[in-house]
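Read the structure below first, then the notes.
The values are calculated or read from the model by the stated rules, or taken from the named source; none is laboratory data. These numbers were taken from a predicted model, which means no experiment stands behind them. Neighbour counts run over all protein chains shown; Cβ positions are idealised from the backbone, glycine included. Accessible surface is based on the protein model in full, side chains and every heavy atom, while ligands, DNA and RNA are left aside. Shrake-Rupley method; radii C 1.70, N 1.55, O 1.52, S 1.80 Å.
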Amino acid sequence: MIPVEEARTAVLAACRPLPVETLALGDALGLVTAEPVVAPEPVPPFDNTAMDGYAVRSADTAAAPVRLRVAGTLAAGSAPEVVVGAGEAVRIMTGAPMPPGADAVVMVEYTEAAGDKVEVHHAALPGDHVRRAGEDLPAGEEVFPAGTVLRPGHLGVIASTGRAAIAVRRRARVGVLSTGDELADPGAPLAPGRIRDSNRPTLLALLRQSGCEAVDLGRCGDSEDAIRTALKAAVERCDAVLTSGGVSVGDFDYVKVVLEELAAGTARWMQVAVRPAKPLAFGVVERAGAGVPVFGLPGNPVSSMVSFELFARPALLAMMGHTVLDRPRVEAVADEPLARRPDGKLHLVRVVVDYAGSRHHARSAGGQGSHMLRAMATANGLALLADGTGVEQGGSVEVMLLS
Ligand code: AMP
Ligand code: MG
């Protein structure tokens, strides 16, 4: 058996960054910028008012209350064609450009309209409620460095600089293939000995949640030929492939066999010192211009999810240019005993974590068998129990947070 860290390092070392492409902002959520973003235009593009009110010459209001002549109205979106002369004011709406002559805005709440005049109750200081051109982003300034993970606000900022597209590292297109003669799709009656294919919907969803494009490759039976044909087709259209099942020590576990053939030289069949998710087959299949990592995840539903978390997710994130590859971890108090037996492995216990009384608390999410997907679904964390006898009630435990 090899430690989790060693398996992870081997996987990460074999995965290469995906190419860069320029995408419309609407397609770039969650992707990583491949260029620094520089503002070609200042933001805001012109001096404008932050309030509805009156644009004034502040000196005219020093002796407030004062009456000023209203020389016009400026709505947001209009050009500042009216000039504010001495003794004058311009009615102005939030976002409208400051008219020439004015140096401040009086909020409408501090005024009273009186025919073609306005009474200003409070003196304004120069610059009051004026948003300056370039105050948020000066033209030419670097707004975000290359390597920024684009969240909704980033897309808004980039749009505010006038750009419609951005160079990013490509979203990984990742195929999911289930293997196993026993698998049946939901909806159809179950023949004797059959079970439902639950790994495929789970892995497809995990991929989408991780910002990848998920490609449903269906399922194939436990035959070398079927797996070979499916994998060969998969690597032609995908940046990476996940399979589930067929990597253990059973008589019909052919995924590892086929992977050794297709990914000659790089394929590894690892026994990782972790529970669940001990077996992992991994290799990079070369095709024109690219190496396609194939993750042979274990078949048990909890194992395939955990293996995805430990190995596939960090690798796919790295391929997409991310540098933060790991889920966050917290230290929690065990609200009940989290017992285990020594076996040389790291145990990942499905737990429910909450935050109360200034600390995190963890308790078991339910049945911990690797076929018991419900506890994994209910859990929002994996407690890391090092080899030994576990953690007593009230003891401290490190938890990897799942989202
Ligand atoms: P294997 O690694 O192929 O020996 O599979 C280990 C266990 O996981 C067996 O009990 C399989 O029936 C089960 N299994 C394999 N693939 C799936 C799947 N796609 N959905 C649900 N269970 C599966
Ligand atoms: Mg199988």
Residue pairs meeting the criteria (Cβ under 7 Å; at least 6 apart or on separate chains; first over 20 Å from PRO298 (Cβ atoms), in the range 359-382; second acidic (Asp, Glu)): HIS360/GLU331; HIS361/ASP335; HIS361/ASP354; ALA362/ASP335; ARG363/ASP335; ARG363/GLU336; SER364/GLU336
Close pairs from the range 43-69: first more than 13 Å from HIS121 (Cα to Cα) and at pLDDT 95 or above, partner hydroxyl-bearing (Ser, Thr, Tyr) and not in a loop (DSSP other than H, G, I, E, B), Cβ under 8 Å, at least 6 apart: VAL43/SER160; ALA55/THR49
Count of residues meeting criterion [aliphatic (A, V, I, L, M) and open to solvent by 30 Å² or more (accessible area, probe 1.4 Å)] in the range 255-264: 3
Residues located in the range 1-43, provided they are open to solvent by less than 70 Å² (accessible area, probe 1.4 Å) and among the acidic types (Asp, Glu): GLU21, GLU35
Count of the range 287-305 residues which are away from ligand 1 (no atom under 13 Å from the Cβ) and farther than 15 Å from THR9 by Cα: 7
Which numbered condition VAL284 misses (of (1) away from ligand 1 (no atom under 16 Å from the Cβ); (2) closer than 19 Å to LEU12 by Cβ; (3) free of Cβ contacts under 8 Å to residues at least 60 places away in the same chain; (4) in contact with a strand residue (DSSP E or B) (Cβ under 7 Å, 6 or more places away or on another chain)): (3)
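Among the listed residues MET376, MET400, MET305, identify the single one that is in contact with a strand residue (DSSP E or B) (Cβ under 6 Å, 6 or more places away or on another chain), assigned to a helix (DSSP H, G or I) and not small (Gly, Ala, Ser). Before the answer, list the steps.
Numbers: MET400 fails: assigned to a helix (DSSP H, G or I); MET305 fails: in contact with a strand residue (DSSP E or B) (Cβ under 6 Å, 6 or more places away or on another chain).
Step by step, each of MET376, MET400, MET305 is checked, and only MET376 is in contact with a strand residue (DSSP E or B) (Cβ under 6 Å, 6 or more places away or on another chain), assigned to a helix (DSSP H, G or I) and not small (Gly, Ala, Ser).
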Residue identified as surrounded by fewer than 18 Cβ atoms within 10 Å (Cβ to Cβ), modelled with pLDDT under 95 and either within 13 Å of ligand 2 (Cβ to nearest atom) or not aromatic (Phe, Trp, Tyr) (or both) among PRO192, PRO186, PRO201: PRO186
Number of the condition not met by GLY299 [criteria: (1) within 16 Å of ligand 2 (Cβ to nearest atom); (2) not in a loop (DSSP other than H, G, I, E, B)]: (2)
Condition met for VAL330 (more than 20 Å from GLY175 (Cβ to Cβ), part of a helix (DSSP H, G or I), at pLDDT 95 or above and among the hydrophobic types (A, V, I, L, M, F, W, C)): no
Close pairs (6 angstrom Cβ cut-off, 6 or more residues apart or separate chains): in a strand (DSSP E or B) in the range 252-281, open to solvent by 60 Å² or more (accessible area, probe 1.4 Å) and not aliphatic (A, V, I, L, M) anywhere: GLN271/LYS278; VAL272/LYS278; ALA281/TRP269
Pair list, Cβ under 8 Å, 6 or more apart: the range 195-206 residue under 14 Å from ASN300 (Cα atoms), other residue charged (D, E, K, R) and part of a loop (DSSP other than H, G, I, E, B): ILE195/GLU182; ARG196/ASP185; ASP197/ASP185
Enumeration of residues in the range 282-296 that are surrounded by 24 or more Cβ atoms within 10 Å (Cβ to Cβ) and either within 15 Å of ligand 2 (Cβ to nearest atom) or part of a loop (DSSP other than H, G, I, E, B) (or both): GLY296
Looking only at the range 234-254, and only at residues there that are of a type outside the set (Asp, Glu) and exposed (fewer than 14 other Cβ atoms within 10 Å of the Cβ), the one that is nearest to ligand 1 (Cβ to nearest atom): GLY250
Count of the range 44-101 residues which are surrounded by 14 or more Cβ atoms within 10 Å (Cβ to Cβ), among the polar types (S, T, N, Q) and not in a loop (DSSP other than H, G, I, E, B): 4
